[in-house]
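Worksheet: the structure to be examined is printed underneath.
Every number here is computed from the coordinates shown, using simple stated rules; none is lab data. Here the structure is a predicted model, which means the values were calculated and not measured. Glycine gets a Cβ as well: all are built from the backbone with ideal geometry, and neighbour counts include every protein chain shown.
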Amino acid sequence: MIPRTARGSAASLPTPDQIADSPLGRYRGIVDDWEAFTAALCRPLAPVIWANPTRITVADLQDLLAEEGIAARTIPWLPGALRLPVETRSGQHWWYCAGLAHAQEEVSQVPAHLLDLIPGQRVLDLCAAPGGKTAQIGLALGNRGTLIANDIASARIKALQGNLDRLGILNCSTTCSDGANWPTAGGQFDRILVDAPCSSEGTLRRTPHLLERLDPGSQTRLPTRQRALLRKAVQRLKPGGRLVYSTCTFAPEENECVVADILGELPGQLRLVPVKLPGLIGSPGLTHWDGHDLPAELAGCLRIWPHHNDSGGFFIAVLEKDGETHAESEPLTAILDPSDGADWLPDLSDHYGLPADWFQHLRAHRQSRRGLHLMAADHCPPAVPRTQGSGLFFHRTNVRPPKPTTTAALLFGPAATRSHLPLTQEQRDRYLRREQFDPTPGQAAANPPGQVVVSYRGQVLGVAVLHRSGIIESLFPSRWSGCTGGV
């Protein structure tokens, strides 16, 4: 039994003997270097972040971190990503709250890169929560067009939406549906990601306490679900489209065996695309396991072992659908209520001095009584299944006075020419802790009382109220207030 201590601490990491005695011991015959494999699993995993390209370049983010004493290193095979020191807790830094970056294990970032995304494609993320891959996809599509992020659990959809809000993803609708039963009426897609629920063995460096919970029986139960998801994804893929199937486990039963079963069920419909990512050390998929031969083409799959890139573990298969298969008609699009957008947005633009064309490629609509949502103008949410949300909650109109959300401020704040208040470092920290604080004489003189966008070092943090009494009131969301500057 591994002792229970603080998550990620050195004392909670397993020993090579514990790994050998666990269900992972059955991989001794397929790992090229067992000692290096176990040694990697006994080391903590360094956190990795990627720069939000709509707000900052990776070079500027790296410089910003260096000024704060964080030595971030680029990853040659993963453009836009930075590996941080092991002890870094990225989610507790101001730049994370401002949506400049997102924390996502480096191997988890690979599937979205392999989708071969092009703006204009219709894309489905079938098992989307917590949303890191969804955000990658949305940004690769230019934050325009139609991306559907689906998950079976409504609680996970809320967490997913929170990440999309912080990062400013405007081209995504969320749905809460069983991906294995995704409705035909939802249409077909140019690209589909199936990051399937799995036994998660490849995440042990990040969550070492899982070692004591590994259940050999999961390799019997989970493949049924995984095959159902992959089978449905093939059905929903357009002719000539690309599908990526991935898991964060080492188990062949959940990886190559699932892919082999679907290839066998649908002969001639699919082509397995050999996976390569320049600079990444990967191993081919297995063609023999547990005394059974598997199709030779499965060698084109990608296995990422922890000791090869000092990372977590992952499995990826890229499939393309025969272009001669039957294409379905275009799906029906949900009818959205555009009421009030034309009334509220001009006032918002005037208050903050936004350029006249700022909303040119965006569309406001009302999803609830709370206020307006904003999404890409060319985003087309499906009529079926019913969407949980489309775009971002942007302007709260059920309060007096109405106010933009923090999500909205992060979007339009850089373009604001009025009611924009830069903060000092001390004020930044107090703002993120939702405390009241005094403006400097210069700040008070530059802005009339009322709502203001606040920023630090040129990066927008959210909305505040400059009261006539001379106090600045933070409107930073309580659910985000774990972010405290300097931590």
Based on what the data block shows, is Ile49 in a loop (DSSP other than H, G, I, E, B), surrounded by 13 or more Cβ atoms within 10 Å (Cβ to Cβ) and aliphatic (A, V, I, L, M)?
no
Just need a number here: residues in the stretch 182-235 that are in contact with a strand residue (DSSP E or B) (Cβ under 6 Å, 6 or more places away or on another chain), farther than 19 Å from Leu263 by Cβ and assigned to a helix (DSSP H, G or I).
2
Could you go through the stretch 345-352 and let me know if any residue there is surrounded by 15 or more Cβ atoms within 10 Å (Cβ to Cβ) and assigned to a loop (DSSP other than H, G, I, E, B).
no
Every residue from the stretch 162-179 that is outside any loop (DSSP other than H, G, I, E, B), among the aliphatic types (A, V, I, L, M) and under 20 Å from Ile192 (Cβ atoms)
Leu164
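Going by the structure shown, is Asp293 over 27 Å from Ser200 (Cβ atoms) and either among the acidic types (Asp, Glu) or out of contact with any Phe, Trp or Tyr (no Cβ under 8 Å at 6 or more places or on another chain) (or both)?
Numbers: over 27 Å from Ser200 (Cβ atoms): yes; either among the acidic types (Asp, Glu) or out of contact with any Phe, Trp or Tyr (no Cβ under 8 Å at 6 or more places or on another chain) (or both): yes.
Criteria met by Asp293.
Test Arg156 against the criterion of being over 30 Å from Met375 (Cα atoms) and of a type in the set (Lys, Arg), and give yes or no.
Values: over 30 Å from Met375 (Cα atoms): no; of a type in the set (Lys, Arg): yes.
Spelling it out, it is not the case that Arg156 is over 30 Å from Met375 (Cα atoms) and of a type in the set (Lys, Arg).
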Flag if Thr38 is of a type outside the set (A, V, I, L, M, F, W, C) and under 23 Å from the mean Cα position of the chain (by Cα)
no
